[in-house]
Amino acid sequence: MTDSTHTLKSPFRDAMASCAAGVHVITTDGQSGRYGITMTAVAPITDEPPTVMLCINRQAGIIPILQANRNLCINTLSENQQDVAEHFAGLTNLSPEERFEYHIWHRGQTGQLEVEGALTHLHGHIIDQHEIGTHFIFYVRIDEITTTHTDNPALLYFRRQFKSLA
């Protein structure tokens, strides 16, 4: 890392912390095991075909499991699911496997795990990936979408804290 890049790291993180973002739990289950992670770096790319982008730190434990399983579910959390976000962000003392024991889960048509009460469940499979800096970028083609019909606001992450739209 060059000196100029290193000196921008902290201001960049602070700037990004000022961008409110939806909170998601990404789950994957398959031959390489089951894993989940809390994320805000989820962005739509195109609606034909429906494709999203996930940016995940290369040190994250989910990386090798996700690369092997290839299938996943993006669970968009509601404001009353902060505990889910905290568990899968590793903010509690739960192991990656124990995190699944504290919530109610269902399986979508693709077999991936959906957390009950999430605003949406986007099931998909990785169609491409590449690395840049400290992160992997995964491109995910969406195969199945379910939306919960509720008035619950989304859970947000803003200035390094969970927030609500309410």
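The values are calculated or read from the model by the stated rules, or taken from the named source; none is laboratory data. These figures come from a predicted structure and were not determined experimentally. Backbone-built Cβ (ideal geometry, glycine too); neighbour counts: all protein chains shown. To get the accessible areas, we keep the full protein, side chains included, count just its heavy atoms, and leave off ligands, DNA and RNA. Shrake-Rupley method; radii C 1.70, N 1.55, O 1.52, S 1.80 Å.
Taking K and R as +1 and D and E as -1, what net charge do the other residues with C-beta under 11 Å from the C-beta of residue 92 add up to? Kindly include the intermediate steps, with their values, before the conclusion.
Values: positive: 99; negative: 83, 86, 98.
That sum, taken over residues with Cβ under 11 Å, equals -2.
Would you calculate the separation in nanometres between label points at residue 166 and residue 94, each defined as 7 Å from the Cα along the Cα-to-beta-carbon direction?
2.1 nm
Give the Debye-formula value of log10 I(q)/I(0) at each listed q (0.12, 0.14, 0.24, 0.27 Å⁻¹), with one equal scatterer per alpha carbon of segment 91-166, two decimals each.
The Debye formula, applied to the Cα set alone, gives -0.52, -0.72, -1.19, -1.12.
In whole Å, what three semi-axes, largest first, describe the equivalent ellipsoid of segment 21-158 built from its Cα gyration tensor (square root of 5 times each eigenvalue)?
The equivalent ellipsoid of segment 21-158 has semi-axes of 20, 18, 15 Å.
Carbon and sulfur atoms: what percent of the 1.4 Å accessible area of the chain do they account for?
Carbon and sulfur: 51 percent of the exposed surface of the chain.
Net charge near residue 53, counting Lys/Arg +1 and Asp/Glu -1 over other residues with Cβ under 14 Å of its Cβ?
Neighbour charge sum, excluding residue 53 itself: -2.
Which distance in nm do the two modelled labels at residue 139 and residue 158 give, with both placed 7 Å along the Cα-to-Cβ direction?
For residue 139 paired with residue 158, the spin-label model returns 3.3 nm.
Averaged per residue, what accessible surface does the chain expose to a 1.4 Å probe, in Å²?
56 Å²
For the chain, what relative contact order do you get, as a whole percent, if you take Cα pairs closer than 8 Å and at least 6 residues apart?
In percent, rounded to a whole number, it is 27.
Using the beta-carbon distance between residue 147 and residue 53 and R0 = 25 Å, what value does 1/(1 + (r/R0)^6) give for FRET efficiency, to the nearest 0.05?
After rounding to 0.05, the efficiency reads 0.80.
Using a basic spin-label model with each label point 7 Å from the Cα along Cα→Cβ, how many nm lie between residue 46 and residue 125?
A separation of 1.8 nm, rounded to one decimal place.
State which stretch of the chain is the longest one without any exposed GluC sites (Glu not before Pro), exposure meaning a DSSP loop state and at most 16 other Cβ atoms within 10 Å. Before the final figure, lay out each step's value.
Working: sites that count: 97, 116.
Of all site-free stretches, the longest is 1-96.
Evaluate the relative contact order of segment 29-94 (contact order divided by residue number), counting alpha-carbon pairs under 8 angstrom at least 6 apart; express in whole percent. It would help to have the intermediate numbers written out before the result.
Details: 51 pairs, mean separation 24.3, N = 66.
Once normalised by length, the contact order is 37 percent.
Quick one: putting +1 on the C-beta of Lys and Arg, -1 on the C-beta of Asp and Glu, what dipole do you get for the chain around its Cα centre, in Debye to the nearest 20? Mind dumping the intermediate values first?
Values: 11 positive and 18 negative charges, 91 e Å.
In debye, rounded to 20, the chain gives about 440.
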